[in-house]
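Novice: Questions regarding the structure given below will be posed in turn.
The values are calculated or read from the model by the stated rules, or taken from the named source; none is laboratory data. Here the structure is a predicted model, which is why all the values come from computation and not from measurement. No Cβ is skipped: glycine too gets one built from the backbone with ideal geometry, and neighbour counts run over all protein chains shown. Accessible surface is based on the protein model in full, side chains and every heavy atom, while ligands, DNA and RNA are left aside. Shrake-Rupley method; radii C 1.70, N 1.55, O 1.52, S 1.80 Å.
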Amino acid sequence: MFKIEHLFKELWEDYIKLIPQAQKIVNLLEQEGEEIINDHIALRTFNIGPIRIDDIAKPFIKAGYEQKGEYHFEEKKLFAKHFEHHNKNLPKVFISELILEEFSMGFQDLIKQKIGSVESNRFADPRLMVQGRPWELSLAEYKSLLSESEYGAWVAAHGFRPNHFTIFINKLKKFKEIKDLNHFLKENGFELNTSGGEIKGGKEVCLEQSSTKADSIEVDFSDGKMIIPSCYFEFAKRYPQSNGELYQGFVAKSADKIFESTNQQ
Ligand code: NI
């Protein structure tokens, strides 16, 4: 039987293959006596055919997730939604899609061709996002996508895998402040994404976030290998809203900068 908890476990196993630093960070914090709770995962896709946000969300909806916030990223040509489960032990799921019609015809055709090359029932598999890239991709195709969108090239190269998991700082005992956690990570040799400042957001928007820079891994393309950015680890601290409840949504201005964690260095 398909269980959403199993999917999250598989997603984590796959994720740490792309970003070994995530397991190292978890181990380090556990040595400090912390228990790690995942605030959210983030998935990426394109706004067409069988792989729109609502398609990617299906296994989560089936497991009881509900759609909550919507977010627009004009400059990056992205749209996103987030989903929550009434079981607060399950992470939120943030899914964004690239708005293809805002790119060149060549870019659009290449993505449509990739999607068309995959048997459509593969996209309906609830385990799509642990199966890596479902299409063939050459180095030249990757580079051509990259010249228009870091995000588009990332999805073309890695498929629908989560681009980050997120440590929920509120549940940490020792590292209560995001700056203390950042300091600890840097002391231990991890590099943070500094685009838009190390800490994005703040108490005034009820959400503070930081993230590592993405790890790099060697990816097999159809005609060779290349080392490219993979995934990053995020850290989030949530603050109560005026009704006293912790804010559960996202902040577009902060997420906009966090997307850049997977940019080429
Ligand atoms: Ni995030």
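Novice: When ligands, DNA and RNA are left out and all protein chains stay put, how many square angstrom of accessible area per residue does region 98-252 have with a 1.4 Å probe?
Specialist: Value returned for region 98-252: 44 Å² of accessible area per residue.
Novice: Rounded to the nearest 0.05, what FRET efficiency do Thr194 and Asp220 have when you use their Cβ-Cβ distance and R0 = 51 Å?
Specialist: Working from the Cβ atoms, E equals 0.95.
Novice: Give me the accessible area of Lys88, 1.4 Å probe, in Å² rounded to the nearest 10.
Specialist: 140 Å²
Novice: Here's another thing I want to ask about it. Which number comes out as Rg/Rh for region 135-265 once both Rg and the Kirkwood Rh are worked out on C-alpha atoms?
Specialist: Value, to two decimals: 1.04.
Novice: Just the number, please: carbon plus sulfur as a percent of the accessible area of the chain, 1.4 Å probe, no ligands or DNA/RNA counted.
Specialist: 49 percent
Novice: Taking 0.36 nm per residue of sequence separation and subtracting the Cα-Cα distance, how much length would be gained by fully extending the chain between Glu204 and Arg122, in nm to one decimal?
Specialist: Extending this stretch completely gives an extra 25.2 nm.
Novice: Cα convex hull of region 1-152: mean projected area in nm², to one decimal?
Specialist: Computing the convex hull of the Cα atoms and averaging its projections yields 10.5 nm².
Novice: Would you work out the Kirkwood radius for region 205-265? I mean one over the mean of 1/r across all pairs of different Cα atoms, in Å.
Specialist: Kirkwood hydrodynamic radius for region 205-265: 13.6 Å.
Novice: Let me ask something additional. Which percent, nearest 5, of DSSP beta bridges in the chain are antiparallel?
Specialist: Rounded to the nearest five, the antiparallel share is 70 percent.
Novice: Using only Cα atoms, tell me the angle between helix 178-187 and the longest principal axis of the chain; keep it within 0 to 90° and round to the nearest 10.
Specialist: That works out to roughly 70 degrees.
Novice: Using packing as a proxy for protection, rank 251-258, 74-81, 233-240, 170-177 so that the peptide with the highest average count of other Cβ atoms within 10 Å comes first.
Specialist: 233-240, 251-258, 74-81, 170-177
Novice: To the nearest 10 degrees, how steeply does helix 20-31 sit against the main Cα axis of the chain, on a 0 to 90 scale?
Specialist: The angle comes out near 10 degrees.
Novice: Which distance in nm do the two modelled labels at Lys143 and Ser242 give, with both placed 7 Å along the Cα-to-Cβ direction?
Specialist: A separation of 5.5 nm, rounded to one decimal place.
Novice: Report the accessible area of Ser147, computed with a 1.4 Å probe over the heavy atoms of all protein chains in place, in Å² rounded to the nearest 10.
Specialist: Ser147 exposes around 100 Å² with every protein chain in place.
Novice: Follow-up. Helix 105-116 against the longest principal axis of the chain: what's the angle in degrees, Cα atoms only, rounded to the nearest 10?
Specialist: 90 degrees
Novice: Also, quick follow-up: Take the alpha-carbon positions of the chain, form their convex hull, and give its projected area averaged over all directions (one quarter of the hull surface) in nm².
Specialist: Seen from a random direction, the Cα hull of the chain projects 13.9 nm² on average.
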